[in-house]
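Participant: Pasting in a structure now, in structure tokens, and then I'll have a few things to ask.
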Amino acid sequence: MTLPPDIPDPRFFSAVLQSPRLTLRPYSEDRDLNAIAEILTDNRVLKSMGLPPSSVSTESIRETRRSLISRPDAGDWTILPATGDESSIIGEIGISEWDRQTFIADIFAALHPGFQRMGYGSEAVSTLAGYIFETNPIATVRVQTIESNKKAVRMAVNLGFRITGTKFVPPDPDTGFPGGNAVILDLRMHDLRAFDPEQPRE
């Protein structure tokens, strides 16, 4: 599929992606909201994002996902085992924005705590990044995470991301985020390292 470099085809966000252990399929509110909400309201996950306990609700997740997938430059995938077992949702991964001038695709991911340290996060990020580069070889894939989330930074670096800077994220009264520095990590196609199960598990 050959596409203009600055305009992802609308079909881009509807693709089902496969890796050796995972299936990434487009988010569906009817099928996925409750499971994703269970993950994103877990206090361990909230802590990794710098958010206080009980700061996110199922309703707020519903609204943010509706807003996200309604945009032409963003998308959300639900992470499942490669078998497609709908009863075992592992997490979510997505593109929060694909800038059409800079070709920067900002991505995010969240895993159920019970599936962490098994390499699933690395495998999902590697799969989505590879898919982005198939569509746009000159793209930059970007991850932004709070400084205290050393695990996320380490995982990204192991996949070939480079720390390119930091920025201050102001407090958010809606979520209770107190404000703080975020690490910016960028990846270009020639730096992507395929997921290696022998690497440290994140």
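The values are calculated or read from the model by the stated rules, or taken from the named source; none is laboratory data. Because the structure is a prediction, the values reported are computed rather than measured. Positions of Cβ are generated from backbone atoms using ideal geometry, with glycine treated the same way; all protein chains shown enter the neighbour counts.
Participant: Being farther than 14 Å from V141 by Cα and touching an Asp or Glu at 6+ places or on another chain (Cβ under 7 Å) is the filter here; which residues of segment 81-115 pass it?
Facilitator: The answer is I89, E92, A110, P113.
Participant: For the condition modelled with pLDDT under 95, more than 25 Å from D196 (Cβ to Cβ) and in contact with a Lys or Arg (Cβ under 8 Å, 6 or more places away or on another chain), what is the one hit in D73, D9? Let's see the steps before the verdict.
Facilitator: Numbers: D9 fails: in contact with a Lys or Arg (Cβ under 8 Å, 6 or more places away or on another chain).
On inspection, the qualifying residue turns out to be D73.
Participant: Determine whether segment 46-56 contains at least one residue that is buried (at least 18 other Cβ atoms within 10 Å of the Cβ), in a helix (DSSP H, G or I), touching a residue at least 12 places away in the same chain (Cβ under 8 Å) and out of contact with any Leu (no Cβ under 6 Å at 6 or more places or on another chain).
Facilitator: Looking for residues that are buried (at least 18 other Cβ atoms within 10 Å of the Cβ), in a helix (DSSP H, G or I), touching a residue at least 12 places away in the same chain (Cβ under 8 Å) and out of contact with any Leu (no Cβ under 6 Å at 6 or more places or on another chain), one finds at least one in segment 46-56, hence yes.
Participant: Return yes or no: is I79 surrounded by 19 or more Cβ atoms within 10 Å (Cβ to Cβ) and in a strand (DSSP E or B)?
Facilitator: It is true that I79 is surrounded by 19 or more Cβ atoms within 10 Å (Cβ to Cβ) and in a strand (DSSP E or B).
Participant: May I ask you to verify whether S19 is surrounded by 14 or more Cβ atoms within 10 Å (Cβ to Cβ) and either out of contact with any Lys or Arg (no Cβ under 9 Å at 6 or more places or on another chain) or among the hydrophobic types (A, V, I, L, M, F, W, C) (or both)?
Facilitator: On the way: surrounded by 14 or more Cβ atoms within 10 Å (Cβ to Cβ): yes; either out of contact with any Lys or Arg (no Cβ under 9 Å at 6 or more places or on another chain) or among the hydrophobic types (A, V, I, L, M, F, W, C) (or both): yes.
So S19 fits the description; yes.
Participant: I need a count of the residues in segment 146-162 that are without any contact (Cβ under 8 Å) to a residue 60 or more places away in the chain and either among the basic types (K, R) or closer than 11 Å to A182 by Cβ (or both).
Facilitator: If we filter segment 146-162 for residues that are without any contact (Cβ under 8 Å) to a residue 60 or more places away in the chain, which is where we start, we get 147, 150, 153-162.
Still in the running and either among the basic types (K, R) or closer than 11 Å to A182 by Cβ (or both): 147, 150, 153-154, 162.
Adding up the residues that qualify gives 5.
Participant: Please verify whether T102 is of a type in the set (V, I, T), touching a residue at least 40 places away in the same chain (Cβ under 8 Å) and exposed (fewer than 13 other Cβ atoms within 10 Å of the Cβ), treating the condition exactly as stated. Before you say what the answer is, go through the steps one by one.
Facilitator: On the way: of a type in the set (V, I, T): yes; touching a residue at least 40 places away in the same chain (Cβ under 8 Å): no; exposed (fewer than 13 other Cβ atoms within 10 Å of the Cβ): yes.
When the stated conditions are applied, T102 does not pass them.
Participant: Another one. Kindly indicate the residue of segment 143-179 that is surrounded by 14 or more Cβ atoms within 10 Å (Cβ to Cβ) and in a strand (DSSP E or B) and also modelled with the lowest pLDDT among those meeting that condition.
Facilitator: Among those that are surrounded by 14 or more Cβ atoms within 10 Å (Cβ to Cβ) and in a strand (DSSP E or B), it is F177.
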